[in-house]
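**Student:** I have a structure here, written as structure tokens, and I will follow up with some questions on it.
The values are calculated or read from the model by the stated rules, or taken from the named source; none is laboratory data. Being a predicted model, the structure only gives us computed values, none of them experimental. Cβ: placed from backbone, ideal geometry, glycine included. Neighbour counts: every protein chain shown.
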């Protein structure tokens with residue numbers, strides 16, 4: 001029996017790509033899945049896997065609260081939240097910078113995770129357990145000169161996960177990040193042939209779904225898990241850096257204007 005059997009999972013951005021692969025895999029492992037997306041294609045997928053679909057704009061706090069509420073009402077509980085909705089960067093940062101697209105990137109890739117995280121934690125802190133997976137990227141672990149704005153949003157997601165995890169660990173809640181390399185999804189679009197011509201592997205969404213299930217089974221928290229072509233998945237070993245939080249007796253100065 002899978003550790004997902006009988007669990008209720010919410011997947012944002014679940015209508016296609018990585019989200020759809022995760023929804024299918026979790027459902028095949030016995031979970032009840034709620035797909036949250038603006039793309040109505042998720043309705044057919046929900047019927048296919050015996051789940052539910054909720055039209056959700058992750059950039060709206062109210063929509064995130066509503067889909068969490070729907071999950072708990074429809075299936076009686078919520079155990080897992082996969083905060084996966086995201087968009088890619090368009091144009092060149094130096095030659096084709098558009099403030100409106102930058103705002104869209106931040107709204108979907110970062111705000112959507114913040115709002116979804118907060119909505120899920122309202123349920124998980126009350127019940128005393130829960131698991132959150134946020135889709136970051138390898139671009140959220142290293143530099144990405146071709147997509148600096150996208151990388152900025154994904155670095156923020158990784159930092160958010162690592163910073164929130166200690167806040168809720170004692171309440172039985174895990175918070176982790178998936179950090180995939182290039183994945184065959186619409187975000188890459190026409191860039192896929194160029195990437196493969198460079199000899200760089202493009203993985204399937206199903207591989208990310210496989211690692212997502214592994215991370216949940218692992219049970220750790222505050223971790224970032226790369227999804228790469230070679231080797232067994234394992235979390236990043238971040239360097240130990242000096243932190244004001246490492247000394248509980250040190251007073252944090254108040255901010256002044």
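**Student:** Could you list all residues from the range 122-148 that are at pLDDT 95 or above, buried (at least 19 other Cβ atoms within 10 Å of the Cβ) and in a helix (DSSP H, G or I)?
**Tutor:** Those that are at pLDDT 95 or above, buried (at least 19 other Cβ atoms within 10 Å of the Cβ) and in a helix (DSSP H, G or I): 123, 124, 140.
**Student:** So, in the range 214-240, how many residues would count as being under 15 Å from the mean Cα position of the chain (by Cα) and closer than 15 Å to residue 82 by Cα?
**Tutor:** 8
**Student:** Can you tell me which of 221, 174 is farther than 23 Å from residue 59 by Cβ, in contact with a strand residue (DSSP E or B) (Cβ under 9 Å, 6 or more places away or on another chain), assigned to a strand (DSSP E or B) and in contact (Cβ under 8 Å) with a residue 40 or more places away in the chain? Working first, answer last.
**Tutor:** Working: 221 fails: assigned to a strand (DSSP E or B).
Testing whether each residue is farther than 23 Å from residue 59 by Cβ, in contact with a strand residue (DSSP E or B) (Cβ under 9 Å, 6 or more places away or on another chain), assigned to a strand (DSSP E or B) and in contact (Cβ under 8 Å) with a residue 40 or more places away in the chain leaves just 174.
**Student:** Do you know which residues across the range 90-121 are assigned to a helix (DSSP H, G or I) and over 21 Å from residue 163 (Cβ atoms)?
**Tutor:** In the first step, residues of the range 90-121 are kept if they are assigned to a helix (DSSP H, G or I); the result is 99-121.
Matches in the range 90-121: 99, 100, 101, 102, 103, 104.
**Student:** Check off (1) over 19 Å from residue 216 (Cβ atoms); (2) in contact with a helix residue (DSSP H, G or I) (Cβ under 8 Å, 6 or more places away or on another chain); (3) surrounded by 17 or more Cβ atoms within 10 Å (Cβ to Cβ) for residue 111 and give me the number that stays unchecked.
**Tutor:** With (1) over 19 Å from residue 216 (Cβ atoms); (2) in contact with a helix residue (DSSP H, G or I) (Cβ under 8 Å, 6 or more places away or on another chain); (3) surrounded by 17 or more Cβ atoms within 10 Å (Cβ to Cβ) applied to residue 111, the lone miss is (2).
**Student:** Working only within the range 173-204, note down all residues that are at pLDDT 95 or above and more than 18 Å from residue 234 (Cα to Cα).
**Tutor:** Step one: list which residues in the range 173-204 are at pLDDT 95 or above, which gives 173-180.
Selection gives 173 alone.
**Student:** Could you tell me whether any residue of the range 46-64 is crowded, with 24+ Cβ neighbours inside 10 Å, in a helix (DSSP H, G or I), touching a strand residue (DSSP E or B) at 6+ places or on another chain (Cβ under 7 Å) and modelled with pLDDT of 95 or more?
**Tutor:** No - not one qualifying residue is present in the range 46-64.
**Student:** While we're on this one: Among the residues in the range 4-20, are any farther than 22 Å from residue 183 by Cβ, touching a strand residue (DSSP E or B) at 6+ places or on another chain (Cβ under 7 Å) and not in a loop (DSSP other than H, G, I, E, B)?
**Tutor:** Scanning the range 4-20, I find at least one residue that is farther than 22 Å from residue 183 by Cβ, touching a strand residue (DSSP E or B) at 6+ places or on another chain (Cβ under 7 Å) and not in a loop (DSSP other than H, G, I, E, B), so the answer is yes.
**Student:** Residues of the range 66-86 being over 15 Å from residue 14 (Cβ atoms) and under 17 Å from the mean Cα position of the chain (by Cα), which ones?
**Tutor:** Residue satisfying the conditions is 79 alone.
**Student:** Still on this structure, I have one more. Considering (1) at pLDDT 90 or above; (2) out of contact with any strand residue (DSSP E or B) (no Cβ under 7 Å at 6 or more places or on another chain); (3) buried (at least 17 other Cβ atoms within 10 Å of the Cβ), say which one residue 226 fails and leave the rest.
**Tutor:** Of the numbered conditions (1) at pLDDT 90 or above; (2) out of contact with any strand residue (DSSP E or B) (no Cβ under 7 Å at 6 or more places or on another chain); (3) buried (at least 17 other Cβ atoms within 10 Å of the Cβ), the odd one out for residue 226 is (2).
**Student:** Continuing with this model, one more query. What pairs can you find where one residue is in the range 88-113 and on the phi < 0 side of the Ramachandran plot and modelled with pLDDT under 95, the other is in a helix (DSSP H, G or I) and surrounded by fewer than 11 Cβ atoms within 10 Å (Cβ to Cβ), and their Cβ atoms are less than 6 Å apart, with a gap of 6+ or different chains?
**Tutor:** Once the first residue is on the phi < 0 side of the Ramachandran plot and modelled with pLDDT under 95 and sits in the range 88-113, no partner that is in a helix (DSSP H, G or I) and surrounded by fewer than 11 Cβ atoms within 10 Å (Cβ to Cβ) comes close enough.
**Student:** In addition: Could you grab me the full set of residues in the range 118-147 that are under 13 Å from the mean Cα position of the chain (by Cα) and under 20 Å from residue 4 (Cα atoms)?
**Tutor:** Residues satisfying the conditions are 120, 131, 132, 133, 134, 135.
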